[in-house]
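One structure below.
Nothing in this text is a laboratory measurement; each read-out follows from the coordinates by a stated rule. The structure presented is a predicted model; accordingly, all values stated were derived computationally and were not measured. Virtual Cβ from ideal backbone geometry, glycine too; neighbours counted across all protein chains shown.
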Amino acid sequence: MKPLPTGLQSHLDTGTTTLAWCWQLTRSDGQVFGFTDHDLPLTFGGTTYQPESGFTASEIRAGSDLSVDAQDAEGVLTSTTITETDILDGRWDNAAVEIWRVNWADTSQRVLMRRGAIGQVRRGRVQFVAEMRSLAHVLNQTVGRTFQASCDAALGDARCGVNLNDPAYKGSGTVVTVDSDRAFTTSGLSGFADGWFALGMLTWTGGANAGRKAEVLSHAVGTADVTITMLEAPVLAIAVGDTFGIAAGCDKRFETCKARFANAVNFRGFPHIPGQDTVIRYAAKSDSNTGAVL
């Protein structure tokens, strides 16, 4: 049972209540937003909770075991606070959530009902629905390393050790022609080998998407041009003249780590791990599966 503050308990005991729900959302960039189902703004704890934001919540689905409790928050995409662009940018992903029950006539009388985080966000034509997950969802996350053949480090991080600021691993370019919503030809990358930036990271430095990052699917060098294809279309349309910086990519294989980056000593995978077919093989002197140590 959740204990209630004395003032709020006294208010509930009167039988006639003035209660409202308030949701506080803290994004990963540190920005804090408040929403309420009351018809006037409510302020407490340094946050103002705005009404009429197009933000409403469903009933809370809860259990007594370790399953993830959830609640859906729904809002219209025309809200000035929660925009479609921000959702597409992922700025609301895993945002911290606090759900309060508040006496709107006296906001000092309130209780924190639960904490959680934004989970799956589903978008429609005129609205979005965000899942609010309880703290139990953290228990579903993988902790520690995975025993696998491929590398589990991110290219350029401390475990990897590759310096992506090395001119050999980075480039910059300008969009020359737009082929589709996620593919374009570019200038400025003619000095790099075919596929050098495949699976890398592109950062827009000019144009409507300036400041945003995108994963690169492929990098093709033709006889007359260079084509970059991104994994997903950017939030805003690509335009001729947009500028970007781009970093080399890695397919996480030991061969790539050794040949492209000369970084085999820092490879964070297990390249000699037996494959799935090993369980049905038998030892034989005539092949590599002799039973000896690899």
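Below, the figures for the structure above:
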quantity	calculated
Förster-model FRET efficiency, 45 Å R0, LEU112 and PHE270, C-beta, rounded to 0.05	0.50
FRET E, pair ALA168, ASP86, Förster distance 41 Å, beta-carbon r, rounded to 0.05	0.70
Sorted by Cβ neighbour density within 10 Å, fewest at the top, the residues THR227, THR278	THR278, THR227
Pair VAL32, ASP157: separation of 7 Å Cα→Cβ label points (nm)	2.9 nm
Which of TYR169, TYR282, TYR49 has the fewest Cβ neighbours within 10 Å, and the rest in rising order	TYR282, TYR169, TYR49
Size of electric dipole in region 167-247: Cβ of Lys, Arg +1 and of Asp, Glu -1, about Cα centre, debye, nearest 20	240 debye
Cβ-Cβ FRET estimate between THR278 and GLU255, R0 fixed at 22 Å, reported to 0.05	0.65
Length added when fully stretched, ARG145-LEU19, from 0.36 nm per residue minus Cα-Cα	40.7 nm
Neighbour-count ranking [beta-carbon atoms within 10 angstrom, fewest first] of THR146, THR229	THR146, THR229
